[in-house]
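This report refers to the structure that appears directly beneath it.
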Amino acid sequence: AQSVTQLGSHVSVSEGALVLLRCNYSSSVPPYLFWYVQYPNQGLQLLLKYTTGATLVKGINGFEAEFKKSETSFHLTKPSAHMSDAAEYFCAAEGGADGLTFGKGTHLIIQP
Amino acid sequence: DVKVTQSSRYLVKRTGEKVFLECVQDMDHENMFWYRQDPGLGLRLIYFSYDVKMKEKGDIPEGYSVSREKKERFSLILESASTNQTSMYLCAASFQGDPGELFFGEGSRLTVL
């Protein structure tokens, strides 16, 4: 069965600093990969996705992620954090009939 | 954009009560899902449906059932609510041709006393 691991349940960065949220998947067959964001008291919304083709994927709000097959990783980055980026971020993988498998989430805290 | 609407944002129920959580989507998407979200555990799939009157168990179906009588509506039922079912419940929909891109409702926070 597919599993998704997010390293760090909480990540704190200063405003303007680089954001790096880590995600690793377990599968011998590269799945489709996703990052979702959840703002307080809201549902999740898609940030970006990787299916095939270019391994560097750009999403909304200045975020991007790079698929690295050799490392089974799909880390999310943003060059300069903004206060509005404070949210919960979920990595997910899709590779079977049961839909998405989600990681446990990373709470991003932005320090002023 | 797909809009997924969950009927209740906040509910408080008593142990043993029957609870209905309703979810409606407006974009004719085939796939619908119910997840449960708990701190430190992420999202866990309860049930999903790929078509009307069709349902499949997810990872944690015990204590829950679902109903999909119409394509746009997917209901989650707690036959006899228990305190360990206190949680945030998220409904989602996706298009058959793009199953990984889920559209979520805003969630229903259920407290069972």
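Could you identify the single residue in B:9, B:36 that is basic (Lys, Arg) and either within 18 Å of residue A:99 (Cα to Cα) or out of contact with any Ser or Thr (no Cβ under 9 Å at 6 or more places or on another chain) (or both)? If you could, list the steps in order and put the result at the bottom.
On the way: B:9 fails: either within 18 Å of residue A:99 (Cα to Cα) or out of contact with any Ser or Thr (no Cβ under 9 Å at 6 or more places or on another chain) (or both).
Exactly one residue qualifies, and that residue is B:36.
In the stretch B:54-78, which residues are of a type outside the set (S, T, N, Q) and more than 19 Å from residue B:44 (Cβ to Cβ)?
If we filter the stretch B:54-78 for residues that are of a type outside the set (S, T, N, Q), which is where we start, we get B:54-64, B:66, B:68-74, B:76-78.
Result: B:54, B:68, B:69, B:70, B:71, B:72, B:73.
Checking the condition modelled with pLDDT of 95 or more, within 30 Å of residue B:49 (Cα to Cα), out of contact with any helix residue (DSSP H, G or I) (no Cβ under 8 Å at 6 or more places or on another chain) and surrounded by 15 or more Cβ atoms within 10 Å (Cβ to Cβ), which residue from A:92, A:87 passes?
Working: A:92 fails: modelled with pLDDT of 95 or more.
From the options A:92, A:87, the qualifying one is A:87.
Residues to consider are A:38, A:45; find the one that is within 17 Å of residue B:101 (Cα to Cα) and free of Cβ contacts under 8 Å to residues at least 40 places away in the same chain. Steps first, answer last, please.
Details: A:38 fails: free of Cβ contacts under 8 Å to residues at least 40 places away in the same chain.
Only one candidate passes the filter, namely A:45.
Output the strands (runs of 3 or more DSSP E) that fall wholly within the stretch B:18-61 and possess 2 or more residues being more than 8 Å from every other protein chain (Cβ to nearest Cβ) and free of Cβ contacts under 8 Å to residues at least 60 places away in the same chain, or say none.
Details: elements: B:19-21, B:23-25, B:31-38, B:42-49.
The strands (runs of 3 or more DSSP E) meeting that bar are B:31-38, B:42-49.
Can you tell me how many residues within the stretch A:1-30 are part of a loop (DSSP other than H, G, I, E, B) and out of contact with any helix residue (DSSP H, G or I) (no Cβ under 9 Å at 6 or more places or on another chain)? Break it down into steps so the answer makes sense when it comes.
Step one: list which residues in the stretch A:1-30 are part of a loop (DSSP other than H, G, I, E, B), which gives A:1-2, A:8-9, A:15-18, A:27-30.
This time we only want the ones that are out of contact with any helix residue (DSSP H, G or I) (no Cβ under 9 Å at 6 or more places or on another chain), so: A:1-2, A:8-9, A:16-18, A:27-29.
Residues in the stretch A:1-30 being part of a loop (DSSP other than H, G, I, E, B) and out of contact with any helix residue (DSSP H, G or I) (no Cβ under 9 Å at 6 or more places or on another chain): 10 in total.
For the list (1) under 21 Å from residue A:41 (Cβ atoms); (2) touching a helix residue (DSSP H, G or I) at 6+ places or on another chain (Cβ under 8 Å), I need the number of the one condition that residue A:104 fails.
(2)
Can you say whether residue A:78 is of a type in the set (Lys, Arg) and surrounded by 18 or more Cβ atoms within 10 Å (Cβ to Cβ), as far as the supplied structure shows? Reasoning before the result, please.
On the way: of a type in the set (Lys, Arg): yes; surrounded by 18 or more Cβ atoms within 10 Å (Cβ to Cβ): yes.
Here the answer is yes, as residue A:78 does meet what is asked.
What residue, of B:12, B:19, B:52, B:4, is surrounded by 16 or more Cβ atoms within 10 Å (Cβ to Cβ) and over 23 Å from residue A:92 (Cβ atoms)? Before the answer, list the steps.
Numbers: B:12 fails: surrounded by 16 or more Cβ atoms within 10 Å (Cβ to Cβ); B:52 fails: surrounded by 16 or more Cβ atoms within 10 Å (Cβ to Cβ); B:4 fails: over 23 Å from residue A:92 (Cβ atoms).
None of the other options fit; the residue is B:19.
Can you confirm whether residue A:97 is in contact with a Ser or Thr (Cβ under 6 Å, 6 or more places away or on another chain) and modelled with pLDDT under 95? Please lay out each step first, then the result.
On the way: in contact with a Ser or Thr (Cβ under 6 Å, 6 or more places away or on another chain): no; modelled with pLDDT under 95: yes.
When the stated conditions are applied, residue A:97 does not pass them.
Checking the structure you have, find out if any residue of the stretch B:93-108 is farther than 28 Å from residue A:49 by Cα and not aromatic (Phe, Trp, Tyr).
No: zero hits.
Residues that are away from every other protein chain (no Cβ under 14 Å): which strands (runs of 3 or more DSSP E) entirely in the stretch A:60-112 hold 2 or more of them?
Working: elements: A:64-68, A:73-78, A:87-94, A:100-102, A:106-111.
Qualifying strands (runs of 3 or more DSSP E): A:64-68, A:73-78, A:106-111.
Out of curiosity, is residue A:47 part of a strand (DSSP E or B), more than 9 Å from chain B (Cβ to nearest Cβ), at pLDDT 95 or above and closer than 22 Å to residue B:31 by Cβ?
Details: part of a strand (DSSP E or B): yes; more than 9 Å from chain B (Cβ to nearest Cβ): yes; at pLDDT 95 or above: yes; closer than 22 Å to residue B:31 by Cβ: yes.
Judged against the criteria, residue A:47 is a match.
Being crowded, with 17+ Cβ neighbours inside 10 Å and either touching a Gly at 6+ places or on another chain (Cβ under 9 Å) or not aliphatic (A, V, I, L, M) (or both) is the requirement here; does residue A:103 meet it? Please lay out each step first, then the result.
On the way: crowded, with 17+ Cβ neighbours inside 10 Å: yes; either touching a Gly at 6+ places or on another chain (Cβ under 9 Å) or not aliphatic (A, V, I, L, M) (or both): yes.
Judged against the criteria, residue A:103 is a match.
The values are calculated or read from the model by the stated rules, or taken from the named source; none is laboratory data. Bear in mind that the values here come from a model prediction, so they are computed numbers and not experimental data. Cβ atoms come from the backbone with ideal geometry, glycine included; neighbour counts cover every protein chain shown.
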